[in-house]
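Structure record follows, encoded as C-alpha cells.
The values are calculated or read from the model by the stated rules, or taken from the named source; none is laboratory data. Just so we're clear, the structure is a prediction, and the values are computed from it rather than from any experiment. Ideal geometry is used to build each Cβ from the backbone, glycine not excepted, and the neighbour counts take in all protein chains shown. These accessible areas exclude ligands, DNA and RNA; they are computed on the full protein's heavy atoms, side chains included. Shrake-Rupley method; radii C 1.70, N 1.55, O 1.52, S 1.80 Å.
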Amino acid sequence: MTLLTEKRAPRTQHEKRKIRGKVHLREHLMGWLFVGPFGVVFLAFLIAPLGYALYLSLFQKKLIGGTSFVLFDNYVKAFTDPSFLSGVWFVLRFSLVSIPLQILIALALALILDAVTTLFARFSRLMIFLPYAIPTVIGAVMWGFLYSKGFGPLTDIFGLFGATAPDFLSSDLIFYGLLNVVTWQWAGYYMIILYAALQGVDPTLYEAARMDGAGRWQIATRIKIPLIAPALILILVFSLIGTLQFFNEPQILRYLAAGTIGTDFTPNMYAYQQAFSLANFNYGSAISFALGGIVFICVYAFLFFTRKRRSFL
Amino acid sequence: MKRRRILATVAMLAAGSGLVACSSDGGGSDASNCTNTITKQNVPVVTMWGWYPNTQLVVDNFNKQHDDVQVCWTNVGQGGDEYDKFQTAISAGTGAPDVIMVEADRIPTFQIQGALVDIKQYGYDAVKANYGEGAWKDVSVGDKVYGVPVDGGPMGMIYRKDIFDKYKITPPKTWAEYEQAAQKVKDAGGPLFGDLGANVPAVLMALQIQKGASPFTYDPAQPKSIGVKLNDQASKDVLDYWGGLAKKGLVGTQDQFTPEYISGVINGNYATYISAAWAPGYLTGAGVGKGQDTGKFAVAPLPQWDPANPVQVNWGGSAFSVTKQAKKPELAAKVAYGLYADKESLTDGWTNQIIFPLNLTALKDPAFVDLKVAFFDGQQANKEVYLPAADAYKGVAYAPFGQYYLDAMTKQVSEVIKGSITGSQAADRLQEDVAKYAKEQGFTVQ
Amino acid sequence: MTDHTSVRAGTRRPQRYLPMQILLGFLVIYFLVPFWWVIVNSSKDAPGLFGGGNTLWFTDQIDYIGNLKQLFTYDGGIYLRWILNSTLYAIAGGVGATVLAVMAGYGFAKYRFAARRFSFAVVLGALMVPATALVIPTFIMFSRLGLTNTVWAVILPSLLNPFGVYLMHVYARDAVPDELLDAARVDGAGEVRTFLQIALPLMRPAVVTVLLLSAVASWNNYFLPLAMLSDNRLFPVTVGLGLWQGIASANNSGGTSLWSLIILGSLVSVLPLIIAFFSLQRHWRGGLSVGGLR
C-alpha cells in the first residue's frame, strides 16, 4: 500500500500546536466524526461486498449436487478458461489502443483551446465536452443506430465517395466500432480536465520561455505538457481502470450484434452472464475478483513505470 | 436568483419522484406496478410477466371475465432479457412474478432449479382435453406439468413473391433446391436468399433436429444423467450447409430481430426468411408488409432433406408457468390456465399472426383453418403450411441448461460466420463445450 | 499570427490560429453528428426511419409533437417515470455521496486522528476496485435483506464515492488555511460550526464539482440498476431504454414501433444533464482543475 500514501504536507502551525499539546482525544474524535459516515458506507458497500465476493468465490455451486467449498478452484478455472482469458486479452488490447488515442486527442484539443481564444473556440470546447453528459448507454444506443447500413448515415457518407460503408458491428471491425464510441464519449471529458489544468499554469512561465526564444511548439511540449503531467497521469489511471472494466457499451451493442459480441466479450460481461444469466454467483464473483486483481496489477505497473506514483496518489 | 430557481426545481423534482417511488418499494411481485389498469378493487391480484404483442388485450379480457382474481402484467423484456430477470429473482429468492411466460425449451432449465410449480393438481383435468398430447408433452417434465401451452412455432419458409417471380424460381422443396435457387438468384445479380443469424441459435437447433439430430436426452427420473449429442453427422451437416451458404455469399450473416435486419426485410434484401408461424405478426409490428412492400410475402413449407420422409420442426412457442414464489399457487394456476385461453384473445392472436394457437378450440375453428392471411396477400397459410407442420411435429427433449447451450451455440455460429472454422468444427467444439459444462454442473454425460 | 498578445485570455484581443480553428471545426462536426442524427430522426415514424432516404436530413413528415406525445403516453407514461426515477437516483445518490465525501475529505485533511494515514490509503486503494466487481456480492447481500428491487438498492451503493473524498481532501488541504480555522476556534466556534461557516464556503467549487460528478455517475449508472431491479417501474432511464431496445429488437411492441420512441427518448433523456452542465459551468470548471493539478 505504500504507493497510495498521500504526499506529506508540511506540518502547519495548527498541527504543531496539536502535537505539543494534549488535545489528542478531541482531535481523534472530531476526525472520526467527520470521516465516520463515509467510513460506514465504505465498510458496508465496499469492504463487506469485497469480502463477501472473496468468500463466495471459494465455493462452487452445481445444478446437481449443490454447493461445496473448493478453495481456489474457481480461480484456477478462470485463468484456464478461454472465455475469461480472451476477454482479458481484449480489454488489454483495447486499453493499449484506446487510452493513448483518447488522451492524445484530448491533449491536442486542450492545447489548441488553451492557445486559441476566439468565440468559436469557446463554443467548440462545450460541444466537444457535450458527449460526457450523455449516459454511456445512450451513447451506445445512438452509435448503434449510426452504424446501421440500412438507416445510418455511413452509407450516405461513404456513398459520396463511391465506397461501401464498413460494418462496424461485424467481428472484424467491432474493435474500431467500440473504439470510436469510447473516444467520442470520453475525449471531451479528458480534454476539459487537461484544459482546466492548463488554465491553472502561471502565464509568466510562457513569457520567460518566449524570452529565451522558445517557439509555440516548444512551449507546448517543453513547458505545458510537463506542467500538467499530474493531470495526465490521473486521467490515464482512471481511463485504464474504466477500460479494463468495459461493460456498458458492448452490452448495449449486443442487442444489435449478439453474434459479434459474445456473452464473454469482456471479463465484466462474462461475470455478469455467469452470475445473472446462469445463476453461478460463485464463479461470477471469482471472475470479478480476478479482474480486480488484474486492474490492480496494471495500475500499479503503470504508476511504477511512469515513476509518478508519489505525485499522484 | 438563478441558482435559487434551479434549487427549487431540483427540490420539486426530488419530492415528486420520491412520491412516485414510495408507492413502488414493494418489488416486482407488488401488484401496484402493472402496465395494465385493474379496475376491480379488493380482488386478489396475480402478477404476470409476458411479452406477447397483444398481452394488453389478453390481460384485459381475462380481468373482464373474472371477478375473483385480477392479473397485473409487466413486460420485463423479450426472451433472454426476461429469463435473466427471472433467473436473478430465483437467485434472490424474491422479485419473481406469480405467473411467467416462458418458451417451452426453457421449462427444464427453471424446473431443475425448483423455480416452477407442478400445476397438475390445480385444475389440469378440466383443461386437459383443450390441448393435444404433444403440446402437453412440451410443457411437462416427467409426469409433472410445469406450464399451460399457449402457442407453438411450426416452421415454414416465408418468401418474397416479387423476388421469386423476377428471378423465375419456385419455392424450393428441398435444401438442395434451396441452395440452387439461391445460386440462381445470386448469379442473376439478385439479393441474398436468406440469412444465417448467430443470435437465433434455436433456429439452427430446430433445423438440426429436422435432419435427425437429437441434441439432448434427459430423463427426469434419473436427473443426474444427461445425453449430449451435438456433433453427430446430422448436426454437422446442417451447420456445414449454412456455413457453406454464408461462405458462398448466398445468404446474409446479419443478426436477426435487429433494426438492420428488419429494414433489410422491408427493402427486399432477403428472398426468404426461415421462420415460425408467429413471425408475420412480429414483422407487421415492425412495419414490414406495409406501404411499398404490401402483399409481397408468401409462405411455403419448410424445405426438406429427404422429401420422401418430411420432418417438421418448431421454433419458439410458449407457455404460462406458475413460479415457486407465487404466494397463492392455486390462484396463480387459475390465471395460467385461463390467460390467453378465451376465444376473443385467441382469435385476436391468430388473426394478427402473433401466435399459432395450441388450444384445440382455436385450431379446429374453421375460421382459423381457412383464414386468408393478409400479410401473405390472402394466402391460406394455416391450411397450406402451418397446420400440417404443427400436426407432424413430434416434440423435443430440451436441456436443463438451455441458456448455456444457446449462448455457446451463438458463439460457435459466429465463428462459422467469421469463416474461422467450418460447421463441423463448430459442432465438435460445441459438443466439447456443453459436455464440459454439464459435467461441471454435476451431470453424468453420456 | 502575430505573437504580441502574450497576456492570458480575455484581457487582450482574442488569439486566432486559422488552421487550428478549421481542425477544431472538423472535430466539432464529429462530436455533433450523433446529436444531429438523433435530432433529425426523432422526427420520423417507423417507415420514415427504415424506408431508406437521407438519414441525415428530415423527411417530409416532421412529427415531433406526435412522437413526443407517444413517448410520454406509451405504456402508461412509463418514460416519464423513468426520467423521474433517474432524477431521484441522481439527486439522492449525488447529494448523499457529496455530503459524505465533503465531510470525509475535510476530516482527512484537517484532523490528525488515529489510523488516519492507513484509512486514507485504503480509501485511495478503493479507487482501483472495479465498481462492477461489487455489484454481484452487493446484489446477494441486498437480496438477503430484501432490498433488491427497491429504490434503496440503487441509491445506497451510489453513496460510495472514494474519488470524491480524494478530491475534497486535496481541495480542503490547499484551499482552507488552518490559521482561519484556528482563529474561528479561538473565537469560540465549535468544530461543526467552523466547518459549516468557515470551511464549507471556501470549498464550494470542489463541492459543486463532486456533486456534479456523483450525480452524473448515478444518472449514467446502468450495471447496478440492471442487476438490482426487475420491476420496470423502478428503472432509471438508461435501463429503461435498454429494455425498449430489447423489446423493439423482438418487434413485439404490439403495433407501436418502439424505434422512434427510443431515438426520441434518448434525445429527451440527455437534455437534463446537458442543461445542468451548461448552467453550472462556471462552478465545475474551477473544481476540475483541482483533481489534476494539486
Subject >> Tally, over region B:396-432, of residues that are closer than 27 Å to B:Ser140 by Cα and part of a helix (DSSP H, G or I) >> reply: 11
Subject >> In region C:1-28, residue modelled with the highest pLDDT [restricted to those that are open to solvent by 100 Å² or more (accessible area, probe 1.4 Å) and assigned to a helix (DSSP H, G or I)] >> reply: C:Phe26
**OP:** Kindly check whether there is at least one residue in region B:308-330 that is without any contact (Cβ under 8 Å) to a residue 40 or more places away in the chain and among the small types (Gly, Ala, Ser).
**Re:** yes
Original post:
Would you pick out the residues in region B:63-103 that are within 21 Å of B:Leu406 (Cβ to Cβ), under 20 Å from the mean Cα position of the chain (by Cα) and open to solvent by 10 Å² or more (accessible area, probe 1.4 Å)?
Top reply: B:Gln78, B:Gly80, B:Asp81, B:Asp84, B:Lys85, B:Glu103
Subject >> Some residue of region B:130-143 being aliphatic (A, V, I, L, M), within 24 Å of B:Ser321 (Cα to Cα), in a strand (DSSP E or B) and open to solvent by 10 Å² or more (accessible area, probe 1.4 Å) >> reply: yes
**OP:** Give region B:268-292 a look and list any residue that's aliphatic (A, V, I, L, M) and not in a helix (DSSP H, G or I), or say none.
**Re:** B:Ala271, B:Ile274, B:Ala276, B:Ala277, B:Ala286, B:Val288
Original post:
Is it the case that A:Ile233 is surrounded by fewer than 23 Cβ atoms within 10 Å (Cβ to Cβ) and closer than 28 Å to A:Phe94 by Cα?
Top reply: yes
**OP:** Identify, by number, the condition in (1) among the hydrophobic types (A, V, I, L, M, F, W, C); (2) open to solvent by 40 Å² or more (accessible area, probe 1.4 Å); (3) over 30 Å from C:Thr238 (Cβ atoms); (4) touching a Gly at 6+ places or on another chain (Cβ under 9 Å) that C:Met203 doesn't meet.
**Re:** (2)
Original post:
Hey, does region C:182-203 have a residue that's closer than 20 Å to A:Ile241 by Cβ and of a type in the set (Ser, Thr, Tyr)?
Top reply: no
Original post:
Residue check, C:Trp37 against (1) over 28 Å from B:Ile38 (Cα atoms); (2) more than 7 Å from every other protein chain (Cβ to nearest Cβ); (3) open to solvent by less than 40 Å² (accessible area, probe 1.4 Å); (4) touching a Gly at 6+ places or on another chain (Cβ under 8 Å), all met but one. Which one?
Top reply: (2)
Original post:
Among the residues of region A:38-45, is there at least one that is assigned to a helix (DSSP H, G or I), closer than 16 Å to A:Ser288 by Cβ and not polar (S, T, N, Q)?
Top reply: yes
**OP:** Output the qualifying pairs, or none if there are none: Cβ atoms under 6 angstrom, residues six or more apart or on different chains, first residue in region A:148-162 and open to solvent by 70 Å² or more (accessible area, probe 1.4 Å), second residue part of a helix (DSSP H, G or I).
**Re:** A:Lys149/A:Thr155
Original post:
Could you say whether any residue in region C:76-96 is over 30 Å from C:Val192 (Cα atoms), at the interface with chain A (Cβ under 7 Å from one of its Cβ atoms) and open to solvent by 10 Å² or more (accessible area, probe 1.4 Å)?
Top reply: no
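Each row is one residue, and each column tells you yes or no for (1) touching an Asp or Glu at 6+ places or on another chain (Cβ under 8 Å); (2) more than 23 Å from B:Gly316 (Cα to Cα).
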site	(1), (2)
B:Leu196	no, no
B:Leu204	no, no
B:Tyr218	no, no
B:Gln233	no, yes
B:Gln256	yes, no
Subject >> Residue within region A:241-255 that is over 30 Å from B:Tyr437 (Cβ atoms), surrounded by fewer than 24 Cβ atoms within 10 Å (Cβ to Cβ), more than 11 Å from chain B (Cβ to nearest Cβ) and not hydroxyl-bearing (Ser, Thr, Tyr) present >> reply: yes
**OP:** Specify which of the listed residues (B:Gly402, B:Gly349, B:Gly419, B:Gly423) is under 30 Å from B:Lys248 (Cβ atoms), open to solvent by less than 10 Å² (accessible area, probe 1.4 Å) and of a type outside the set (A, V, I, L, M, F, W, C).
**Re:** B:Gly423
Subject >> Members of region C:142-157 found to be open to solvent by less than 20 Å² (accessible area, probe 1.4 Å), in a helix (DSSP H, G or I) and not hydrophobic (A, V, I, L, M, F, W, C), listed by number >> reply: C:Ser143
Subject >> Residue tally, condition open to solvent by 50 Å² or more (accessible area, probe 1.4 Å) and among the polar types (S, T, N, Q), over region A:69-114 >> reply: 2
Subject >> Hey, A:Gly188 surrounded by 22 or more Cβ atoms within 10 Å (Cβ to Cβ), touching an Asp or Glu at 6+ places or on another chain (Cβ under 8 Å), part of a helix (DSSP H, G or I) and touching a residue at least 40 places away in the same chain (Cβ under 8 Å) or not >> reply: no
Subject >> Sole residue being under 25 Å from B:Asn309 (Cα atoms), open to solvent by 10 Å² or more (accessible area, probe 1.4 Å) and modelled with pLDDT of 90 or more, chosen from B:Ala176, B:Ala182 >> reply: B:Ala176
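Yes/no per residue for (1) in contact with a Cys (Cβ under 8 Å, 6 or more places away or on another chain); (2) part of a helix (DSSP H, G or I); (3) open to solvent by 10 Å² or more (accessible area, probe 1.4 Å):
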position	(1), (2), (3)
B:Lys327	no, no, yes
B:Leu331	no, yes, yes
B:Ser345	no, yes, no
B:Phe376	no, no, no
B:Glu384	no, yes, yes
B:Ala390	no, yes, yes
Subject >> Checking B:Val238 against (1) open to solvent by less than 10 Å² (accessible area, probe 1.4 Å); (2) closer than 21 Å to A:Asp167 by Cβ, the condition it does not meet >> reply: (2)
Original post:
Name the residues in region A:238-296 that are under 29 Å from A:Lys62 (Cβ atoms) and among the polar types (S, T, N, Q), would you?
Top reply: A:Gln245, A:Gln251, A:Thr263, A:Thr266, A:Asn268, A:Gln273, A:Gln274, A:Ser277, A:Asn280, A:Asn282, A:Ser285, A:Ser288
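Rundown of residues vs (1) out of contact with any helix residue (DSSP H, G or I) (no Cβ under 8 Å at 6 or more places or on another chain); (2) modelled with pLDDT under 85, yes/no style:
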| position | (1), (2) |
| --- | --- |
| A:Leu58 | no, no |
| A:Phe79 | no, no |
| A:Ala108 | yes, no |
| A:Leu111 | no, no |
| A:Phe129 | no, no |
| A:Pro153 | no, yes |
Subject >> Unique residue being within 13 Å of chain C (Cβ to nearest Cβ), modelled with pLDDT of 85 or more, more than 28 Å from the chain's Cα centre (by Cα) and open to solvent by less than 20 Å² (accessible area, probe 1.4 Å) when the list is A:Phe34, A:Phe38 >> reply: A:Phe34
**OP:** Give the number of residues within region C:132-173 that are more than 14 Å from chain B (Cβ to nearest Cβ) and free of Cβ contacts under 8 Å to residues at least 24 places away in the same chain.
**Re:** 2
